[in-house]
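Notes for the one structure printed next.
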Amino acid sequence: MRIVPVAFDHPDAVKLNDQVQLEYAERYGEQGDLTPLEPAHFDPPRGLYLIAYEDDGTPVATGGWRAHEANAEGYADGDAELKRMYVVRGARGRGLARRILADLEEDATAAGRVRMVLETGDMQPEAIALYTSSGYAPAVTKFGFYRNYPSSRCFTKPLG
């Protein structure tokens, strides 16, 4: 298994993003996550996008972070927002999400970010379990594109 940085618009990233969008649609009965994302959001040093590959070159997991400063969507100065954490069904239960999460936290810390934030939904209990077991706490104030949705769950973790 190898985890490598890629551009958010890399063909393998697009493939996995399409798969996670289908899963969101299945779980929430909608069209997926409509949060506006641009490839440049994940360009170092203000972000990073990772893909985990099997030894045969098959992409099986992904995740990224992007920098935020205080804004109307509820983010604070120094925030790093976790986005598109996803593991394909056949590769789940092997610790890939936890490895990617740790790499993203380390990179965001090295980039000077002070807090990792994420937004997930109540129909993703395995994601919530991963984050809470990794030291994330429910946010006092919700943030992000879906902050006003009842199913939205926001979490934070200090970095550094």
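Bear in mind these aren't lab numbers, they're just calculated from the coordinates by the rules spelled out. Being a predicted model, the structure only gives us computed values, none of them experimental. Cβ coordinates were reconstructed from backbone atoms using ideal geometry, including for glycine residues, and neighbour counts include every protein chain displayed.
Under 22 Å Cα-Cα from LYS142, which lysines qualify once same-chain neighbours fewer than 8 residues away are excluded?
List returned: LYS83, LYS157.
Report the gain in length on full extension from PHE145 to ALA7: 0.36 nm times residue separation, minus Cα-Cα distance, nm rounded to one decimal.
Details: separation 138, 0.36 × 138 = 49.68 nm, distance 2.23 nm.
Full extension of this stretch gives 47.5 nm more.
Quote the FRET efficiency, to the nearest 0.05, computed for ALA137 versus ASP56 with a Förster distance R0 of 30 Å and r equal to the Cβ-Cβ distance.
Numbers: r = 38 Å, r/R0 = 1.28.
With R0 = 30 Å, the Cβ-Cβ based efficiency is 0.20.
Can you say what percent of the DSSP beta bridges in region 2-158, counting only those with both residues inside, are antiparallel? Round to 5.
Working: 27 of 30 bridges.
Roughly 90 percent of the beta bridges in region 2-158 run antiparallel, per DSSP.
Mind checking which helices in the chain clear 24 Å along their axis (Cα) and have mean Kyte-Doolittle hydropathy of -1.0 or more, DSSP H runs only?
Numbers: long enough: 11-28 (25 Å, -0.97).
Those that clear 24 Å and a mean of -1.0 are 11-28.
Among the aspartates and glutamates, which fall within straight-line cross-link reach of LYS15, defined as a Cα-Cα distance under 16 Å, with same-chain neighbours fewer than 8 residues apart omitted?
GLU23, ASP33, GLU38, GLU54
Which of the three applies to the chain, rounded, prolate or oblate, going by the alpha-carbon gyration tensor with a ≥ b ≥ c and a/c under 1.5 meaning rounded?
Numbers: a/c = 1.45, a/b = 1.17, b/c = 1.24.
Cα axes put the chain in the rounded bin.
Post the alpha-carbon centroid distance, region 79-157 to region 1-62, in whole angstrom.
Using only Cα atoms to place each centre, the spacing works out to 14 Å.
Lys/Arg Cβ at +1, Asp/Glu Cβ at -1, dipole of the chain taken about the Cα centre: which of ASN71, ILE3, GLY95 is farthest positive-ward?
Of the listed residues, the answer is GLY95.
At a 10 Å Cβ-Cβ cut-off, how would you order LEU22, LEU159, LEU118, fewest neighbours first? Mind showing how you got there, number by number?
Details: LEU22 11, LEU159 18, LEU118 22.
Least to most surrounded, the residues fall as LEU22, LEU159, LEU118.
Fewest to most neighbouring Cβ within 10 Å: what's the order for THR35, THR120? If you can, show how the numbers build up before the last one.
Working: THR35 13, THR120 23.
Lowest to highest Cβ neighbour count: THR35, THR120.
Within a 10 angstrom radius of the beta carbon, how do ARG113, ARG153, ARG89 rank from fewest other beta carbons to most? Intermediate values should be presented prior to the final figure.
Numbers: ARG113 25, ARG153 20, ARG89 9.
The order, fewest Cβ neighbours first, is ARG89, ARG153, ARG113.
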